[in-house]
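Novice: Mind looking over this structure? Questions follow.
Here, each number is a calculation from the coordinates, and none is a lab measurement. Please read all numbers here as calculations on a predicted model, not as lab measurements. Here the Cβ is made from the backbone with ideal geometry for all residues, glycine too, and neighbour counts use every protein chain on show.
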Amino acid sequence: MKFRDLTRQYLACKSEIDASINNVLASGNFIQGTEVQQVEAQLAKKVERKYCLTCANGTEAIMLILMALNVTAGDAVFVPDMTFIATANAVTILGATPIFVDIDSQTHNLSPIELKVAIEKTVSDGILKPKAIIAVDMNGLPADYEAIEKIAKEYKLFVVEDGAQSFGGSINERKAGSFGTASAVSFFPAKPFGCYGDGGAIFCDDDSLAEILNSIRFHGRSDKDKYDNIRLGINSRLDTIQAAILSAKLPKYFSYEMPKVQQIAKIYDNNLSKNLGLPHIPDGYTSSFCYYSVMAESMAERDKIREHLLNMGIPTLIYYPKPLHKQKVYASLEYTDGNFFNTIDYSERTFALPLHAYLEDIEVQQIIKETNKFFS
Ligand SMILES: *Cc1c(COP(=O)(O)O)cnc(C)c1O
């Protein structure tokens, strides 16, 4: 059994994917072929944002947004302590300083209460200028944007959604990818909606922000003349072949993969041993279940369950074993564990069970049986 079976996924859409790749090969338009604009239009419609701008990967999607918002040295950007390192690195690369914030003990997303504490502290320290909040939709569950946007308004901060894990998720009628000033999405193959290489996208509604982002992803060019460079930019593009693959996969993602993942998650919810802490999805929220992360009683118990499952041929993974404040790259920020109780607890006890749309019923049953056997 694979944690995420991309071969089965490919075989389920093989004819559509092969045909779209072959079209691109025949066209010879490997960079910015018509498929790129086509998938941008399709994605913007799905997420219900005015603009979708594809780019090279999810990390650069975050970075491009921060560049467009003029985030720079001396700025503070608030980031949950529990996320993939890319969220913080996008800030640091621009010379700004990530401020790590503890997570909520239930949702495992950025804690609005701790966010406010961190902003107040940064203001009173008076060294860095609070500029933006990057809220991460951890495991595929959108963050608490209602509370976060209220705080952002109070302190005049931008909200950026790191939706690398949440494409397909929602809060009531609002889709993941539509929160904050701009949202970053990753199409890394193992993300909920992936291409077959690296890829990413930015979603936003503001006309002038979209124009700036479009310029930055093409070396800061003017929209009138591509050799007239009016600001600092980089090269961050989605390949035409990857765009074609995404277009071919998109219908099935919403008609089959998302519903199937929801269905398996419900089966896990209803059947897994209550000795495990199961995902908490607040009312009105939908998770894309990028990861079905559960909590053991302790790190020692987690290691034993994972070993038992591995012996039974069931792979599990940990997202993420090390909080950002403990990463060596951020040692110079001199954080102590004191402020990160929930993040540390989560990092020590969490692990993810296989969950994807191409798991067979018998595999789902086996995962439940072997997990529960551990407790009996
Ligand atoms: C995967 C991921 C990213 C980075 O996306 P890439 O496409 O791999 O660059 C950023 N943030 C989070 C939360 C992620 O899970």
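Novice: I need every pair where a residue in the stretch 15-38 that is farther than 18 Å from Arg217 by Cα has its Cβ under 8 Å from the Cβ of a residue that is surrounded by fewer than 13 Cβ atoms within 10 Å (Cβ to Cβ), sequence separation at least 6 or different chains.
Specialist: Listed by first residue and then by second, the contacts come to Val24/Phe30.
Novice: Quick one: in the stretch 34-77, of everything that is among the charged types (D, E, K, R) and away from the ligand (no atom under 16 Å from the Cβ), which residue is farthest from Asp207 (Cα to Cα)?
Specialist: Step by step, filter the stretch 34-77, then rank; the result is Asp75.
Novice: Quick test of your reading of the structure: Ser166 fulfils all but one of (1) out of contact with any Phe, Trp or Tyr (no Cβ under 9 Å at 6 or more places or on another chain); (2) surrounded by fewer than 23 Cβ atoms within 10 Å (Cβ to Cβ). Name the failing condition by number.
Specialist: Ser166 satisfies all of (1) out of contact with any Phe, Trp or Tyr (no Cβ under 9 Å at 6 or more places or on another chain); (2) surrounded by fewer than 23 Cβ atoms within 10 Å (Cβ to Cβ) except (2).
Novice: Regarding the stretch 297-311, can at least one residue be identified that is of a type in the set (Lys, Arg) and crowded, with 18+ Cβ neighbours inside 10 Å?
Specialist: yes
Novice: From (1) part of a helix (DSSP H, G or I); (2) out of contact with any helix residue (DSSP H, G or I) (no Cβ under 8 Å at 6 or more places or on another chain); (3) over 21 Å from Ala19 (Cα atoms), pick out the condition that doesn't hold for Leu209.
Specialist: Leu209 satisfies every listed condition except (2).
Novice: Another one. What about Ser293, is it polar (S, T, N, Q) and not in a helix (DSSP H, G or I)?
Specialist: Values: polar (S, T, N, Q): yes; not in a helix (DSSP H, G or I): yes.
Yes: the conditions hold for Ser293.
Novice: Still on this structure, I have one more. From the residues in the stretch 199-229 that are more than 16 Å from the ligand (Cβ to nearest atom), buried (at least 18 other Cβ atoms within 10 Å of the Cβ) and small (Gly, Ala, Ser), which one is nearest to Ala164 (Cα to Cα)?
Specialist: So, considering only residues that are more than 16 Å from the ligand (Cβ to nearest atom), buried (at least 18 other Cβ atoms within 10 Å of the Cβ) and small (Gly, Ala, Ser), the one nearest to Ala164 (Cα to Cα) is Ala210.
Novice: Next question, about the same structure. Consider Leu128 against the criteria (1) crowded, with 21+ Cβ neighbours inside 10 Å; (2) in contact with a helix residue (DSSP H, G or I) (Cβ under 9 Å, 6 or more places away or on another chain); (3) touching a residue at least 40 places away in the same chain (Cβ under 8 Å): it satisfies all of them except one. Which criterion is unmet?
Specialist: It fails just one condition, (1).
Novice: Please list, ordered by first then second residue, the pairs with beta carbon atoms under 6 Å, 6 or more apart or interchain, first in the stretch 173-200 and farther than 24 Å from Ile17 by Cα, second part of a strand (DSSP E or B) and charged (D, E, K, R).
Specialist: Phe179/Glu161; Gly180/Glu161; Ser183/Glu161; Ala184/Asp162
Novice: Are any of the residues in the stretch 261-280 more than 16 Å from the ligand (Cβ to nearest atom), touching a strand residue (DSSP E or B) at 6+ places or on another chain (Cβ under 7 Å), in a helix (DSSP H, G or I) and among the aliphatic types (A, V, I, L, M)?
Specialist: yes
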